Amino acid sequence: MTAQKPKLAMYWAASCGGCEIALANIHEAILEVDAHFDFMFCPCLLDTKKKDIEALPDGAIFLTLFNGALRTEENLEMARLLRRKSQLLVAFGSCAATGGIPSLANQHGIEHVLETAFLNAPGLDNPERLIPGESCTVPDGELSLPPFLQRVLALHDAVAADYSMPGCPPEPEQILAVVRHVASGAPLPPTGSLLGCSARAVCDECPREKRNRLAPRLLRPFEAVPADDWCLLEQGFACLGTSTRGGCQALCPATAMPCTGCYGPLDRDSDPGATALSTLAAALDPGSAPGQDEGSLHAGLRAALAGVPDPLGTFYRYTLAETVLADRATEVEP
Amino acid sequence: MSCQTTAQAAELPKVNESGAGEKNPKVVAFLCNWCSYAGADKAGASQLPVPQELSVIRVMCSGRLEPTLILEAIQKGADGVMVLACHPGDCHYKEGNLRAFCRAELLERMLPQLGVDPRRFSFDYVSAAEAEKFSRITTEFVERVRSLG
Ligand code: SF4
Ligand code: SF4
Ligand code: SF4
Ligand code: FES
């Protein structure tokens with residue numbers, strides 16, 4: 001019987017596992033998934049191997065939810081393999097869709113990344129200063145690790161993805177809605193569309209009231225306790241809800257945490273970080289110039305902007321693989 | 001960004017390969033229509049030197065300029081980008097230039113994080129009367145960018 005059901009796969013590349021947890025968080029509805037699909041590949045949950053996938057005819061998998069960014073040659077190889085074997089390939093979660101958290105590593109060269117991970121991170125104990133190499137000889141023979149790609153890529157940078165499903169991770173309700181839609185056989189949106197999210201900003205779903213006020217200065221979350229019911233951004237917290245796509249029911253601002261932008265940019269045509277920067281800067285009261293000399297005016301505005309100490313980490317938190325400057329050679333290290 | 005996609009790593013040109021001083025830098029200057037553009041016009045009419053490396057783009061207000069355009073200019077090969085605004089208090093849309101300053105301040109801090117030397121970017125004020133200032137700061141900026149290679 002199972003052979004009649006369309007095959008469903010889920011794969012993790014440079015992933016944290018949170019996307020699989022999000023799928024598991026649909027709870028008993030996973031039985032519904034099983035009723036409609038032959039859920040046959042998911043290294044986190046099932047024991048199918050790569051060779052089993054290789055043995056399938058091309059296009060044998062109906063739907064693959066691909067999560068995680070592409071960091072290694074192995075990630076790239078699996079992306080190509082699953083592209084070949086799948087009718088529908090979905091970039092699932094912000095890592096696959098826009099590079100996500102792993103792509104923040106693109107700020108630095110590979111050496112810096114390895115040294116941070118294996119030598120310099122607080123709490124490490126590596127007295128021999130060992131860094132894993134691409135191959136190493138052990139008594140049982142030669143072991144090899146897949147090499148790093150020069151930079152972290154989103155899925156669509158390497159293979160054609162049919163759809164993206166944003167979120168870090170996508171919300172379980174949205175996953176279920178998408179799976180149900182696909183299972184129902186209803187027509188799918190045009191290729192390239194986003195699934196499981198809203199066409200409007202997070203603000204649209206946010207219970208906090210906008211009072212049409214500009215923030216006197218930007219605040220870091222620990223600097224103040226936000227007032228209830230009032231827009232965090234208007235209070236000065238770096239909430240990216242205005243430039244971020246909705247679909248999460250404003251999960252974070254509803255619990256008094258500023259939105260960090262995990263559902264990705266609302267505007268898909270502009271540079272994601274530049275757009276987030278622009279919308280956040282627009283929330284600040286620029287004051288008025290008369291009576292102030294240029295120096296004190298600038299000093300005041302700089303102080304008001306000090307609440308964003310890490311612009312790149314704030315504005316490109318989930319999207320650095322997508323910056324228009326992605327291919328530009330680095331000339332300065334941050 | 002640190003590098004290129006693997007597939008294209010071999011073919012992609014390195015931005016700085018041609019070395020300092022050998023090529024003429026390309027500088028894109030976004031000028032506010034009401035002050036800086038008029039200042040540039042006056043510099044031309046007064047026959048003050050204006051660097052030929054400058055490509056001027058007129059915008060209705062410095063506050064109109066999306067930071068995406070600045071990054072795209074750099075990505076498409078500009079060696080430097082200037083944003084020239086009305087002086088504080090003189091913006092025709094009241095605080096467009098102060099908003100532009102806020103974006104410029106955040107962008108300037110973000111550029112090195114993106115691997116771009118922040119000296120390739122400049123935000124300044126030029127009034128309609130300041131032909132001499134326009135001539136001076138554009139010449140200095142082009143020289144600064146030239147020295148970066
Ligand atoms: S999108 Fe978020 S939850 Fe999913 S793999 Fe990436 S970091 Fe983890
Ligand atoms: S708190 Fe954030 S998400 Fe909510 S309305 Fe304000 S900016 Fe939008
Ligand atoms: S509020 Fe923002 S960061 Fe939080 S889940 Fe929604 S999109 Fe993601
Ligand atoms: S009108 Fe000149 S900067 Fe706004």
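Oblate is the label for region A:202-329. Its Cα gyration tensor axes, ordered a ≥ b ≥ c, give a/c of at least 1.5 and b/c at or above a/b. When the pairs B:K23/B:K76; A:K5/A:K51; B:K26/B:K94; B:K94/B:K133 are compared against a 27 Å limit on Cα-Cα distance, B:K26/B:K94 fall above it. Across region A:69-76, coupling constants 3J(HN,Hα) worked out from phi with the 6.51/-1.76/1.60 Karplus curve, θ = phi - 60°, read 8, 9, 10, 10, 4, 5, 4, 5 Hz, and Gly and Pro carry x. From the phi of every residue in region A:132-142, what ³J(HN,Hα) in whole Hz does the Karplus formula 6.51 cos²θ - 1.76 cosθ + 1.60 yield, where θ is phi - 60° and glycine or proline is x? Per residue, the Karplus-derived 3J(HN,Hα) values read x, x, 6, 9, 8, 9, 10, x, 7, x, 9 Hz. In this simple spin-label approximation, A:E54 and A:I21 carry label points 7 Å from Cα along the Cα→Cβ vector, and these lie 3.3 nm apart.
Multiplying the residue separation of A:R217 and A:S144 by 0.36 nm and removing their Cα-Cα distance gives an extension gain of 21.1 nm. The distance separating the Cα centre of region A:314-334 from that of region B:100-149 comes to 20 Å.
In a DSSP loop and with at most 13 other Cβ atoms within 10 Å, the GluC sites (Glu not before Pro) in region A:127-230 are A:E128, A:E134. Counting every other Cβ atom within 10 Å of each residue's Cβ, A:D125, A:D228 order from fewest to most as A:D125, A:D228. Put +1 on the Cβ of each Lys and Arg and -1 on the Cβ of each Asp and Glu in chain A; which of A:P6, A:F148, A:V159 then has its Cα farthest toward the positive end of the dipole? The residue sitting farthest along the positive end of the dipole is A:P6.
Projecting the Cα atoms of B:S46, B:A29, B:L111 onto the dipole axis of region B:24-148, where Lys and Arg carry +1 and Asp and Glu carry -1 at the beta carbon, places B:L111 farthest toward the positive end. Each Lys and Arg Cβ is given +1 and each Asp and Glu Cβ -1; about its Cα centre, the protein assembly as shown then shows a dipole of about 960 debye.
Per DSSP H run of n ≥ 4, the term is -39500 (n - 2.57); total these for chain A, divide by its residue number, and report the mean residue ellipticity at 222 nm rounded to 500 deg cm²/dmol. Could you put the intermediate results ahead of the total?
Numbers: 12 runs with 91 residues, N = 334.
-7000 deg cm²/dmol, from helical runs alone.
Mind checking the angle between helix A:294-304 and chain A's longest principal axis? C-alpha axes, 0 to 90 degrees, to the nearest 10. Long axis of A:294-304 versus the principal axis of chain A: about 40 degrees. Taking a point 7 Å out from the Cα of A:A254 in the direction of its Cβ, the residues of region A:14-33 whose backbone N falls within less than 20 Å of it are A:19, A:21-29. For region A:126-186, applying the loop criterion from DSSP together with a ceiling of 16 other beta carbons within 10 Å to the trypsin sites (Lys or Arg not before Pro) yields A:R129. Close amide H contacts of B:I57 (hydrogens built in the peptide plane, cut-off under 5 Å, sequence separation of 5 or more or a different chain): B:A29, B:F30, B:L31. A dipole drawn for chain A from +1 and -1 charges on Cβ atoms has a positive end, and of A:P272, A:A35, A:I131 the residue lying farthest that way is A:A35. Listed by chain and number, the lysines whose C-alpha is less than 17 Å from the C-alpha of A:K50, apart from same-chain residues fewer than 8 away, are A:K7, A:K85.
Database remark: amide H of A:F39 closer than 5 angstrom to the amide H of A:L8 (H placed geometrically; neighbours at sequence offset of 5 or more, or on other chains; Pro and chain starts carry no H). Taking amide H positions as modeled 1.01 Å from N, with prolines and chain starts lacking one, the residues under 5 Å from A:W230 and 5 or more places away or on another chain are A:E209.
Quick note: the coordinates plus some simple rules give every number you see, no bench work behind them. Everything numeric in this text was worked out from a predicted model, so none of it was measured. Quick reminder, even Gly has a Cβ in these numbers, built from the backbone with ideal geometry, and neighbours come from all protein chains shown.
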